[in-house]
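Here the structure is laid out as structure tokens; the discussion comes afterwards.
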Amino acid sequence: MKLSRRYEAIPPSGTMAVVQKAALLKRQGIDVVSFAAGEPDFDTPPAIVAAMAQAATSGETRYPAVLGLPALREAIAAKATRRYGVPFTAASAIVTPGAKFALWAAFQALVDPGDEVLVPTPCWVSYGPQIAMAQGVMVPVPCAPPDFELDLEAFERAITPRTVGLVLSLPMNPTGRLVARETLAKLAALALRHDLWIVSDDLYADLCWGQHDGRVSGAALFDAHPEVRDRVVIVDGPSKSHAMTGWRVGWALVPDALVAPFSLLLGQIATGVTTFAQHGALQALTGDHAFLDAWNDAYRRRAHLVVDGLQALGLPTALPEGAFYALADVRSLIHPTAAHPTLADDVAIATQWLDHAHVAVVPGSAFHAPGFVRLSFACSEARIAEGLARLRHLIGNPP
Ligand SMILES: Cc1ncc(COP(=O)(O)O)c(C=O)c1O
């Protein structure tokens, strides 16, 4: 059967093989220490589950309003007003099936064939394919190790007459890094100067457990230049902050011009988001958040454990400031020999760690970070210690 050219143009993931192999080993009963998860190891808080169940059993099971439950849209706008310090109305808040759909819809609405979108790298795996689905071109703007600081000059250099916008996600997946407050202000000014839109993926903005003075998340985007707001699409949701990855609820806060495109895309493709799941999300936004402090404390402790352990193995790793990922520099391990001619890149390192230590990580090339691997610390301190011990043994006794 002939597949469409549009489909063929979407770049395949070259790294899923390692992740799939880890799942296979686990199914075979092998004790794999997984640092590969892109989701919290905590359970959705019971009050949220109860609100969803209550809605489902009391008949909230019919088609949803396309743009979302009015009460949820109000709660999203209220949270955004608190977080960003500029007023948002429910009319600009649109509920989507996960943050991922919101990102896809934004690119569908904003990108024409051949348009260029600047994305600081390392970056999350789906921006490139989603921009490609809109027939645009993702232009990577590298943030250099060891700190992965956003490079304003690199942004300026990357701008061409085809540049239409840029994507931000702070804290970043896969580095967990924030940005200096003045850099974010200058980036907002750059967007204004060059007439660019910004998609701000703030999915991890509630997970800033390492935040200190002068380092900020996407929540600070409007601080210096509130006028940038007319050109910003905010993408957010409870998937990571409330351990709700399987609920498939997210949202966007969009400028007026984007409400109609989002409505069209949602209406024709998804009809909206599962009605009773939206009631759970409403509880997530309006209920008690005390659990988040405990979770963030756990992430902070784990981050130090992971980074100290990796540094002790001779693998430089920037200390994350949020999210639950660390990006380790494994370039010192990449040296193909006659015995191991294939140990040529981060995919080979991740495969070796999985095969010989039963430790799963995601190769950095998935995130435009060749020579690095991403470790998720959404697992217990005991598992982190076990995984690091296995890696110490492997690196000390290479196969
Ligand atoms: C940076 C980033 N944005 C968006 C998403 C997608 O979120 P959701 O599960 O709400 O669709 C992820 C999931 O891993 C992510 O890491």
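Every number in this text was worked out from the coordinates using simple rules, so none of it is lab data. As the structure is a computational prediction, the values presented were derived from the model and not from experiment. Note that each Cβ is placed from the backbone with ideal geometry, even for glycine, and that neighbours are counted across all protein chains shown.
The figures follow:
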| quantity | calculated |
| --- | --- |
| Inter-label distance for residue 380 and residue 135, nm, one decimal - labels placed 7 Å from Cα along Cα-to-Cβ | 5.3 |
| Global geometry of the range 145-288, whether rounded, prolate or oblate, following the gyration tensor of its Cα atoms and the 1.5 cut on a/c | oblate |
| Difference of contour (0.36 nm per residue) and Cα-Cα distance, residue 189 to residue 162 | 7.8 nm |
| Added length on full extension, which subtracts the Cα-Cα distance from 0.36 nm per residue, residue 291 to residue 39 | 89.1 nm |
| Ordering of 16-25, 89-98 by burial proxy (mean other Cβ atoms within 10 Å per residue, highest first) | 89-98, 16-25 |
| Neighbour-count order for 383, 157, fewest beta carbons within 10 angstrom listed first | 157, 383 |
| Spin-label pair residue 31/residue 71, simplified geometry with 7 Å Cα→Cβ offset, distance in nm | 4.7 |
| Spatially close lysines, pair count over the chain: Cα under 28 Å, gap of eight or more or interchain | 10 |
| Cα centre as origin, Lys/Arg/Asp/Glu Cβ charges: the chain dipole, Debye | 760 |
| Efficiency of FRET from Cβ geometry, residue 1 and residue 263, R₀ 35 Å, rounded to 0.05 | 0.60 |
| Simple spin-label estimate for residue 149 and residue 53 in nanometres, 7 Å along Cα-Cβ | 5.1 |
| Residue-span extension gain [residue 301 to residue 23] - 0.36 nm each, minus C-alpha spacing | 97.4 nm |
